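Following: one structure in structure tokens, then a few remarks.
The values are calculated or read from the model by the stated rules, or taken from the named source; none is laboratory data. Owing to the predicted nature of the structure, the values given are computational and were not obtained by experimental measurement. Reconstructed Cβ throughout: ideal geometry from the backbone, glycine too, with neighbour counts over all protein chains shown. Only protein heavy atoms, including side chains, enter the accessible area calculation; ligands, DNA and RNA are left aside. Shrake-Rupley method; radii C 1.70, N 1.55, O 1.52, S 1.80 Å.
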Amino acid sequence: MSPRERLRVLAQWGVLGTLVGGVCGVASAIFLFLLDEATALRERFPLLVYALPAAGLAVGALYARWGSSIRGGNNLVLDTVHEGDRQIPLRMAPLVLLGTVLTHLFGGSAGREGTAVQMGGSLADAIAHRFRVSADTRRELLAAGIAGGFGSVFGTPIAGAVFGLEVLVVGRLGYEALLPALVAAVVGDLTTRGLGIVHTAYPAPSVLPLTGGVLAKWCVFAVAVAAVAVVFVEGTHRLKKLLEGRIPALPLRMAVGGLAVVGLWKLVGTDMYLGLGVPTLVRAFVDPALPESAFAWKLLFTAVTLGAGFLGGEVTPLFFIGAALGNVLARVLGLPLDLGAAVGMAALFAAAANTPLALTIMAVELVGASVLPHVAIVAALAYLLTGHRGIYPAQRIARLKYGGPLLGTLVPLRELPDKPRERHRPQQP
């Protein structure tokens, strides 16, 4: 490639990455503003939670009427990256935004990254089709959309860029999309902040030198994180499959899920497990009296919410679960409370999403460098121990986590348990 051609490619990615980042940043700013307003309104009027079943009925009817082609959510975005099928419908962005805001307004336990990724993916694909780019460029723009959405909604542009590359294929980074993903994530973050969005500030953890004894404690910590990740992933997927089989109609299924969340809310007698749960998440860094069962309750609330079909994401609930679990483990193992919460927060999502590098970087962007090297160790171990499963069944895998030959093709995680191992023949050298 000549110098002129290289400059042309760099300019192309600069322009397209900036466009994708700009629209992702604006979409994330609108979303985060509405989410804050919805959360504040629910906290002011707690009786709104009783209307969650009705909200589920309404959102379910909306998706049944106009959202049948986008029900795949994050998995639709990942499938489109790999298979290059039809354009992701642009209506995914407003529908998922509306559905997520309503979920939080009425108390559903869900997150933000799913909405950001879906908005970013649909907007990036619209840009790709508007400029009639090649199939390869389209795939790279979709990765940039994921990066721009993720980085802007959390205020973590470097983690967003790496997440956009790492989430596509388990154990492999797609460096061909590095520049557009980085540009989109940085521009998206600058745009969101420029529009007045202020992200959650987390306490900076204590500095802890790594010793042999501390390393042994982190190994025990990682086993616990992996176990909780498996429970969350399998529990959410199995509950979703069970409810789809028993209640085929989406509106009714979401209404039943809403009733279950209201029942759990009345059972525990506290609002701390509704919505994002950010106050309790931050509290996990500093409160040695945090209830030991907090992580389990949040896991149950989130699995029921998402399993029933409500919209949102998994990151912030998994941050809550991981930080609360880390709080308990730190007390048991004699680790600093704030460091345990920070490591648990990042490592649990790293294990559940198969993105240990992105979440290690994200931890540094959120709480500072004192979390290293501890978070990298726990995230990597938990990622391996979680096995070949994840919150995104459409993630592809090219080689099993424990090594061995390359698989014959990129295989979706959702297909691994259903196919005999011999069908995944290794690639010939």
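Of note:
- Leu384 falls short on exactly one of the conditions (1) closer than 17 Å to Phe150 by Cα; (2) modelled with pLDDT of 95 or more, and that condition is (1).
- Looking across segment 272-291, the residues that are in a loop (DSSP other than H, G, I, E, B) and either within 21 Å of Gly307 (Cβ to Cβ) or among the polar types (S, T, N, Q) (or both) come down to Met272, Tyr273, Leu274, Gly275, Leu276, Gly277.
- Residue-level check: of (1) among the charged types (D, E, K, R); (2) under 24 Å from Ala161 (Cα atoms); (3) part of a helix (DSSP H, G or I), Arg389 misses just (3).
- Subset of segment 258-292 [at positive phi and surrounded by fewer than 19 Cβ atoms within 10 Å (Cβ to Cβ)]: Gly269
- Segment 304-320: number of residues that are in contact with a Lys or Arg (Cβ under 9 Å, 6 or more places away or on another chain) and either farther than 17 Å from Pro356 by Cα or in the same structural domain as Thr103 (by the TED database) (or both): 8
- Applying the criterion of being more than 25 Å from Gly390 (Cα to Cα), in contact with a Leu (Cβ under 9 Å, 6 or more places away or on another chain) and in a helix (DSSP H, G or I) to the residues of segment 314-336, the residue that is least open to solvent (accessible area, probe 1.4 Å) is Ala330.
- Residues of segment 395-409 satisfying the condition of being at pLDDT below 80, surrounded by 15 or more Cβ atoms within 10 Å (Cβ to Cβ) and in a loop (DSSP other than H, G, I, E, B): Leu406
- Yes/no for Val231 being closer than 18 Å to Ile321 by Cα, at pLDDT 95 or above, touching a helix residue (DSSP H, G or I) at 6+ places or on another chain (Cβ under 9 Å) and open to solvent by 50 Å² or more (accessible area, probe 1.4 Å): yes
Conditions (1) farther than 29 Å from Thr191 by Cα; (2) touching a residue at least 12 places away in the same chain (Cβ under 8 Å); (3) not β-branched (Val, Ile, Thr), marked per residue:
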| position | (1), (2), (3) |
| --- | --- |
| Ala29 | no, yes, yes |
| Leu34 | no, yes, yes |
| Ala54 | yes, yes, yes |
| Val59 | yes, yes, no |
| Gly67 | no, yes, yes |
| Ile70 | no, yes, no |
| Gly73 | no, yes, yes |
| Leu76 | no, yes, yes |
| Arg91 | no, yes, yes |
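- Test: residue in segment 130-147 that is at pLDDT below 95, touching a strand residue (DSSP E or B) at 6+ places or on another chain (Cβ under 8 Å) and either more than 26 Å from Asn327 (Cα to Cα) or open to solvent by less than 30 Å² (accessible area, probe 1.4 Å) (or both): no
- Those residues of segment 293-309 which are assigned to a loop (DSSP other than H, G, I, E, B) and open to solvent by 10 Å² or more (accessible area, probe 1.4 Å), in sequence order: Ser293, Gly309
- Just one of the numbered conditions (1) touching a helix residue (DSSP H, G or I) at 6+ places or on another chain (Cβ under 8 Å); (2) modelled with pLDDT of 95 or more; (3) among the hydrophobic types (A, V, I, L, M, F, W, C) is not true of Val332: (1).
Residue-wise test of (1) in a loop (DSSP other than H, G, I, E, B); (2) touching a residue at least 60 places away in the same chain (Cβ under 8 Å); (3) not aromatic (Phe, Trp, Tyr).
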{"position": "Val153", "(1), (2), (3)": "no, yes, yes"}
{"position": "Ala184", "(1), (2), (3)": "no, yes, yes"}
{"position": "Ile197", "(1), (2), (3)": "yes, yes, yes"}
{"position": "Leu210", "(1), (2), (3)": "yes, yes, yes"}
{"position": "Gly213", "(1), (2), (3)": "no, no, yes"}
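- Tallying residues that are surrounded by 24 or more Cβ atoms within 10 Å (Cβ to Cβ) and basic (Lys, Arg) within segment 148-183 yields 0.
- Here the helices (runs of 4 or more DSSP H) wholly within segment 1-93 that include at least 1 residues being over 22 Å from Ala181 (Cβ atoms), in contact with a helix residue (DSSP H, G or I) (Cβ under 7 Å, 6 or more places away or on another chain) and open to solvent by 60 Å² or more (accessible area, probe 1.4 Å) are 3-44, 52-66.
- Of all residues in segment 242-257, exactly one satisfies the criterion of being free of Cβ contacts under 8 Å to residues at least 24 places away in the same chain and either open to solvent by less than 20 Å² (accessible area, probe 1.4 Å) or of a type in the set (Val, Ile, Thr) (or both), namely Ile247.
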